[in-house]
1. Per-residue counts of other Cβ atoms within 10 Å, averaged by peptide: what ranking do you get for B:237-243, A:355-361, A:21-27, highest first?
2. Quick check: Cα centre of the stretch B:164-179 to Cα centre of the stretch B:60-119, how many Å?
3. Could you list A:CYS401, A:CYS172 so that the one with the fewest beta carbons within 10 Å of its beta carbon is first and the one with the most is last?
4. Could you compute the net charge surrounding B:ALA97? Neighbours are other residues with a C-beta less than 11 Å from the C-beta of B:ALA97; K and R count +1, D and E count -1.
5. Please state the relative contact order of the stretch B:6-251 as a whole percent: Cα pairs under 8 Å, 6+ residues apart?
6. Please report the spacing between the Cα centers of the stretch A:448-512 and the stretch A:151-207 in Å, no decimals.
7. Express in nm, to one decimal, how much length is gained between A:SER260 and A:THR177 on full extension, taking 0.36 nm for each residue of separation and deducting their alpha carbon distance.
8. Can you list the residues, at least 5 places off or on another chain, whose amide H is less than 5 Å from the amide H of A:SER538, using H built in the peptide plane?
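Every number here is computed from the coordinates shown, using simple stated rules; none is lab data. For clarity, every value in this text was computed on a predicted model and none was experimentally measured. As a convention, Cβ positions derive from the backbone with ideal geometry for all residues, glycine included, and neighbour counts pool all protein chains shown.
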Amino acid sequence: MEQAIQTVIGGLLQGSVFGVVALGFSLVFRVTGAINLSQGAFCIVGALAMYSFEVSLGWPAWIAAAAAVAVTAAAGAAIGAATFVPALSRLPVSSMLILTAGLLTTLEGLSLVVWGSQPYALPPFSGEAPVTVLGVRLPTQGFWIVGAAAAIIAGVWFLLMRTALGRGLRACAENPTAARLMGIDVPRMTLFSFTLAALIAGVGGIVVAPILSFQFDTGRLFTISGFSAVAIGGLGSLAGSVAGGELLGVAEQLAAGYVSSLFANGIALALLILTLLVRPSGLFTARRTRREDVRDEHRIYHPVVRLRGRRAVVFGLGAVAVLALLPWIVPAGLMSSIVITGILFIGVLGLDVLMGYCGQVSLGQAGFMAVGGYTAAILATNYGWPPLAGIAAGIALSLACAVALSLVTMRLRGHYLALATLAFGLLVDSLTVGMTETTGGPSGLVGVPSFAVGPLDFGSPVAMYYLVAALIVVLVLALLGGIRSGFGRALQAVRTDQTAAAALGIDVPRYKMAAFAISAALASLSGSLYAFYFHFLSPEMVGTARSLEMIAMLVVGGEGTLVGSLFGVALLTLLPTIFQPLALYKTLAEGLLLVLAVRYLPGGIFGALAQRFLNPPARAAGSAP
Amino acid sequence: MSAPALEAVGLAKSFGGVRAVDDVSFSVPEGSLTALIGPNGAGKTTLFNLVTRLYEPDAGEVRFRGRPLAGLSPAGIASLGLVRTFQSARIFPGMTALENVLAGAHLHVRAPAWRQMLWLPAARREQRELVRSADALLDLAGLLPFRDAAATDLPMGAQKLLEVIRALMARPRVVLLDEPAAGLNDAETAELASLLRAVRSSGVTVVVVEHNMSLVMGVADRVIVVDLGAVVASGTPAEIQGNPRVIEAYVGREAA
């Protein structure tokens, strides 16, 4: 009994911080209509800054805390002013989601450069000795956490509901155009909400840091917990955010205490799915009828790049010739990285079908790589299955996961798939780390055989290269065939306007599901090949960082072009290989490139090249027959 | 006599306290070109949204060729042959004009996705045939010069015409057009009028919400007048023009 109470109290403490992060989500969402995935990263920036000031520099705790909060808020203000605010008026909401995924990666990369990859811990503010109340031992830090959370909640509520500034913020949320006409400075309000959200995340991170161990990438756990909490409680509802956070915190602690800590992430996913099934608008918000006759995405930034007829055939044959001759051109030392580029490209190709053509954001593509990779590798290594059968089993399992996730999310609009895939990816992360006996745990699965079909062995880089290149040619041709026909048109219609698509008889959920299935299957295939090629698979090779990296590769290379992402994959795979000392900066560079590409390079590298050299946008006058 | 192409019985819909549509009944005969007119805010678009089930009606029902539409999804309604356009031209960005029109043919694509992916001859032949009929429609609407341009680069009027022929590409039995002439210049309006006449003479029933009176009086053979969420009058254009309640709805009651 006492243990149960302790567990629940631990859950409430953790839940308070989830609630604070969720409050930040709600605040930014209410003012801008956008989801800010970088929210959780500000918790860790705050905690790491606190460590530097208090432990490294030896400042008194309260000065260190004040300075750390100031640093976090300043970082929030700078990042908001440079990226989020100017992008908001130009980009569709789904691109804002990708932009903030880029900000999350950037902040993680920055923390990695400044603080390294080791875990940190902070001393409690008021000593280690717990206080005993009615026979229950409470950690003193708990009072700080609950106190800070209560102060933040009360402050935000007062600000929004009782001040003129709050009225302005709420007006922006209701109708930005009307608010602007009424003389409200919408960009300033946006920046204010973004900065305030960063500040409260920083405070939350600082007060919770003493009860956990944290490192540069812990922020994404706060992002997922806060995002789940807000989806459970109801986006935009302040009370709902806090209640959702507490619910999630208690459920996670109970699961960790009584089942296994492996499934703590699974609980977030399960609660989330349950909420979406029962009450998609969240537990604490009234159901609102949304206007169905207005468009989902007002702005689309893709340039239309089309290669047709003979020209397309010439370029295609040229590309195949280059692929065939590549092993003779590049130095042997680089061959291995090129094979990896090809293998990752297969996974990113799937992501392009889902994101580029169907407009659905997945933040868990590497989760499917892990499912495919581990399934194939374990079956081949421990049970002697032929690699092809292992790959097929992996794809089947990935498809099952994809169908389960999409049954819940496909009927809903908004970013539920992004949320569900992020939670899925983190669940797979913790399973691959935790199920040590099957997966080899954090140190990875060793002794995976080479890919072989009967007597044909693809152990050498060159053999694997030709296998992967041939697969890519076949896959690109197949997808191209689908994209240029009815299938692709239906996907692209769903991407920008689901209501208009349905009015033409397009079964929207079915096409979203098909795109998701293709993306999961290709990720799974890519993961299996990855394991067979390395003879090894570890959780970090196919973890959430990889998912975010794949999004960066896709957007930097060029969404919605099938082949464009090859530029992004090659850039982000080959550069760190060629310039080894830069490896430390890889995450930071990925984040920055993603943010810059979303903001300034519509259509990515491929789009820019194509518009420059191949296909100046067809103008009415120029294309008359 | 066979069932009307489209029939609404006692439709009602409130938003909060506002009765946007209040006990509306009307019927559209097969093969007619019916115009739905009325002042701004009369509830015309809401009526369209109820008919195509973007909104669930509070009361009443809609029958399409005698078949009640309750319980069908918007996509299911389209697959019966009832296709609509939207007030703000909702062409698909990121696609060319031709691809937009082709997207309209979604219900008539027979080759399954895997055949398209394998580039099988049947799928390619079908694609060529669809492109041919899309080209014919683009030509009919005078949009052929824009064929391969990004749809969002088209002038506003051309985008609206594009949306109309995209709906026609679905080969509907009944097509609902929500203010197709809004934002069109005179030349484009004339283009639209001849397009509408061509559509009707091909046997498709047309229902059009429109403000442009000269267009309505020129092409419609039946007019339904809506005001304050209710049907005020219906009849031939000539009958409607003389109806005092219609004049009242448009210019207001004379001070007595």
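1. Values: B:237-243: 14.3, A:355-361: 26.4, A:21-27: 30.0.
Packing proxy ranking, top to bottom: A:21-27, A:355-361, B:237-243.
2. That distance is 10 Å.
3. Least to most surrounded, the residues fall as A:CYS401, A:CYS172.
4. So the environment of B:ALA97 carries a net charge of -3.
5. Relative contact order here is 29 percent.
6. So the separation of the two Cα centres works out to 43 Å.
7. Full extension from A:SER260 to A:THR177 adds 24.9 nm.
8. The list, which skips near neighbours in sequence, is A:LEU445.
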